[in-house]
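The values are calculated or read from the model by the stated rules, or taken from the named source; none is laboratory data. The model shown is predicted, which means the values in this text are computed figures rather than measured ones. Here Cβ is always computed from backbone atoms with ideal geometry, including for glycine, and neighbour counts include all displayed protein chains. Accessible surface is based on the protein model in full, side chains and every heavy atom, while ligands, DNA and RNA are left aside. Shrake-Rupley method; radii C 1.70, N 1.55, O 1.52, S 1.80 Å.
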Amino acid sequence: QVQLVESGGGLVQPGGPLRLSCAASGTIFSIDAMGWYRQAPGKQRELVAHITSGSKTNYADSVKGRFTISRDNAKNTVYLQLNSLKPEDTAVYYCHGIINKYEYWGQGTQVTVSS
């Protein structure tokens with residue numbers, strides 16, 4: 001059974017940083033693309049950042065230059081560094097991964113940006 005477990009969410013002031021982690025566990029033969037999505041109240045889930053197995057990245061326009069996605073293949077972990085946070089970044093952030101050719105989601109971690 002493969003699981004994705006996120007950590008690192010919380011309350012942060014506008015302009016502050018936060019780092020999210022997502023660790024994959026279980027019987028893992030391959031991890032292809034991984035990514036982070038977010039869903040704010042009353043809105044649809046949207047892609048925030050995506051990283052391929054070869055570490056090519058892409059970002060939503062709203063986070064370019066502020067967020068950085070990275071991965072540590074030895075630890076089966078993907079990270080999202082969030083800088084210069086804005087109140088509109090408030091959402092539940094979900095980790096997503098293609099593992100053993102199947103799609104998996106994490107349980108989500110809340111990020112709240114407020115003074």
* Which of the following residues is within 25 Å of residue 115 (Cα to Cα) and modelled with pLDDT under 95: 41, 87, 14? -> 41
* Taking only pairs six or more apart or across chains, which ones have beta-carbon atoms under 7 Å, a first residue in region 86-101 that is within 11 Å of residue 46 (Cβ to Cβ), and a second residue that is small (Gly, Ala, Ser)? -> 91/40; 93/9; 93/108; 94/106; 94/108
* Structure fact -> Counting only residues in region 45-57 that are touching a strand residue (DSSP E or B) at 6+ places or on another chain (Cβ under 7 Å) and not aliphatic (A, V, I, L, M), the one surrounded by the most Cβ atoms within 10 Å (Cβ to Cβ) is identified as 50
* In region 84-105, residue nearest to residue 28 (Cα to Cα) [restricted to those that are open to solvent by 30 Å² or more (accessible area, probe 1.4 Å) and among the hydrophobic types (A, V, I, L, M, F, W, C)] -> 98
* Structure fact -> Screening 42, 35, 16, 65 for residues that are open to solvent by less than 30 Å² (accessible area, probe 1.4 Å) and assigned to a loop (DSSP other than H, G, I, E, B) leaves only 16
* Matching residues, region 72-85, being farther than 17 Å from residue 47 by Cα and assigned to a strand (DSSP E or B) -> 72, 77
* Name the single residue, out of those in region 19-30 being among the aliphatic types (A, V, I, L, M) and assigned to a strand (DSSP E or B), that is most open to solvent (accessible area, probe 1.4 Å). => 23
